[in-house]
Amino acid sequence: MISLLSYILLAVVAGFCLPTQAGINAQLNLWSRSAILAATISFAVGTIGLAIYAFVLRIPWPAGDAVSRYPWWIWSGGLIGAFFVASTIVLAPRLGATAMVALIVAGQMIASLILDHFGWLGYPTHPASGLRMLGVALLVAGVVLIRLF
């Protein structure tokens, strides 16, 4: 069984990826002269990498008839990811890594609080208590401080 510490370390490593990926993709944008083309190239390389990984692990595809049993919006994750990557390509050179990530984290925390409160998208319900909202407000205040200074 994987320990909680392993998951925490994975989250920290994933966090390192955001500003790193944004910086790499911003450089790709300079080469391609298009944020959309840079995001497309980034996703294509990622898709190829994941396809190879799935092939090596022999992960089977779901049955074709399973598609109709799930809501239409489960397919929107890729579009949201594309928007996110294209946005970081535009934002990274204009805001810098720290402000960009801080603002993204602020948006993530606000959305997370709402998703948890209502239990949307399959998340377990965690009410937006006063202390949870204070925690998000403090993170947003930190974003403001980072952006101002």
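Throughout, read-outs are computed from the coordinates displayed, never taken from laboratory work. Since we're looking at a predicted model, the values are computed, not measured. Here Cβ is always computed from backbone atoms with ideal geometry, including for glycine, and neighbour counts include all displayed protein chains.
Place a +1 charge on the Cβ of each Lys and Arg in the chain and a -1 charge on the Cβ of each Asp and Glu, then give the dipole magnitude about the Cα centre in debye, rounded to the nearest 20. Before the final figure, lay out each step's value.
Details: 6 positive and 2 negative charges, 42 e Å.
Roughly 200 debye for the chain.
Viscosity 0.890 mPa s, temperature 25 °C: what is the translational diffusion coefficient of the chain from Stokes-Einstein with a Kirkwood Rh over Cα pairs, rounded to a whole number of µm²/s?
Value of D from the Cα-based Kirkwood radius: 136 µm²/s.
How much length, in nm to one decimal, is gained on full extension between VAL144 and LEU37, taken as 0.36 nm per residue of separation minus their Cα-Cα distance?
Working: separation 107, 0.36 × 107 = 38.52 nm, distance 3.15 nm.
Value of the extension gain: 35.4 nm.
Could you tell me what a quarter of the Cα convex hull surface of the range 12-95 works out to, in nm² with one decimal place?
Here the figure is 7.2 nm², rounded to one decimal.
How far is it, in nm, from the label point at ALA44 to the one at ILE24 when both lie 7 Å from their Cα along the line to the Cβ?
1.6
For a bin width of 5 Å, list the pair-distance distribution of the range 96-149 built from all Cα-Cα distances, rounded to whole %.
Going out from 0 Å in 5 Å bins, the range 96-149 shows 5, 22, 25, 20, 14, 10, 5, 1 percent.
Which whole-number percent is the relative contact order of the chain (Cα, under 8 Å, 6+ apart)?
Relative contact order, the chain: 23 percent.
What FRET efficiency do you get for TYR70 and SER3 if R0 is 30 Å and r is their Cβ-Cβ distance, rounded to the nearest 0.05?
Result of the calculation: an efficiency of 0.40.
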